[in-house]
Amino acid sequence: MKPKNRWVVAPEIRWTVDNDGGVLVDLQREACFAVNLVGAAVWKMLSMNKDGLTLEAIAEDLAKDFEIPVDEPLKDVSIFLNDLRKKKLVEVV
């Protein structure tokens, strides 16, 4: 069985989160990225798990937090993580 990809925060990224969302700052490229409330929740999960998290683990946590079926956040989280990867804010290990 093939191991699942784990998503991790890129080491040069700094962030802040409030009740409305968050801001991710890429220090190397001197760029800022805004995320909404759900994006901030995903980012907090990733930043607290240095070994990374699978897409499925993130979707399960969101489903619990927002009291929704786990299949609902799966596609959106996948799109979000891939967008972050294209911006070099996260890495797949």
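The values are calculated or read from the model by the stated rules, or taken from the named source; none is laboratory data. Just so it is clear, the structure is predicted and the values come from calculations on it, not from any experiment. Here the Cβ positions follow ideal geometry from the backbone for every residue, glycine too, while neighbour counts run over all protein chains shown. Remember, those area values only see protein heavy atoms, side chains included, never the ligands or the DNA or RNA. Shrake-Rupley method; radii C 1.70, N 1.55, O 1.52, S 1.80 Å.
Overview of values
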read-out: Some residue of the stretch 23-36 being open to solvent by 60 Å² or more (accessible area, probe 1.4 Å) and touching a helix residue (DSSP H, G or I) at 6+ places or on another chain (Cβ under 9 Å); value: no
read-out: Filter pass, VAL93 being modelled with pLDDT of 95 or more, of a type in the set (Val, Ile, Thr) and in contact with a Gly (Cβ under 8 Å, 6 or more places away or on another chain); value: no
read-out: Of all residues in the stretch 1-27 being in contact with a strand residue (DSSP E or B) (Cβ under 9 Å, 6 or more places away or on another chain) and of a type in the set (S, T, N, Q), the one that is farthest from ARG85 (Cα to Cα); value: THR16
read-out: Any hit, the stretch 57-77, residues being open to solvent by less than 60 Å² (accessible area, probe 1.4 Å), touching a residue at least 24 places away in the same chain (Cβ under 8 Å) and more than 21 Å from ASN19 (Cβ to Cβ); value: no
read-out: All positions within the stretch 37-56 that are loosely packed, with under 12 Cβ neighbours inside 10 Å and either in contact with a Pro (Cβ under 7 Å, 6 or more places away or on another chain) or not acidic (Asp, Glu) (or both); value: MET48, LYS50
